[in-house]
Amino acid sequence: MELAGDKLMQELRDVVAAAEELLAAAGSDNAERLKEIRDRAEVALRGARERLEGAGEEVEDRVRKHPFAALGIAAGVGLIVGILLSRK
């Protein structure tokens, strides 16, 4: 799971990098370079979307196999978020 998370983070970094290049190139007059960058961004985004869908299915399977553990984790996260939000 950790290896998949690392790959997903790298793909998301690629999407962000391609988007930054796209924004930088938007001001230039080079239409061919702009199209190339946009195509790269679309490919990276598609890959990240596929990974996210796969990760969602894996999380759902784990929650179905271990519902009480998932409930405990959700309660713990909720408690921590509640404590952090109530602090002034």
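Per-residue answers, yes or no, for (1) at pLDDT 75 or above; (2) not small (Gly, Ala, Ser); (3) not in a loop (DSSP other than H, G, I, E, B):
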site	(1), (2), (3)
Gly5	no, no, yes
Val15	yes, yes, yes
Glu36	yes, yes, yes
Leu45	yes, yes, yes
Ala48	yes, no, yes
Arg51	yes, yes, yes
Glu60	yes, yes, yes
Val77	yes, yes, yes
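Would you call Ser28 modelled with pLDDT of 75 or more, of a type in the set (S, T, N, Q) and surrounded by fewer than 14 Cβ atoms within 10 Å (Cβ to Cβ)? Talk me through it step by step, then tell me what you get.
Numbers: modelled with pLDDT of 75 or more: no; of a type in the set (S, T, N, Q): yes; surrounded by fewer than 14 Cβ atoms within 10 Å (Cβ to Cβ): yes.
No: the conditions fail for Ser28.
The values are calculated or read from the model by the stated rules, or taken from the named source; none is laboratory data. These numbers come from a predicted model, not from an experiment. Cβ atoms come from the backbone with ideal geometry, glycine included; neighbour counts cover every protein chain shown.
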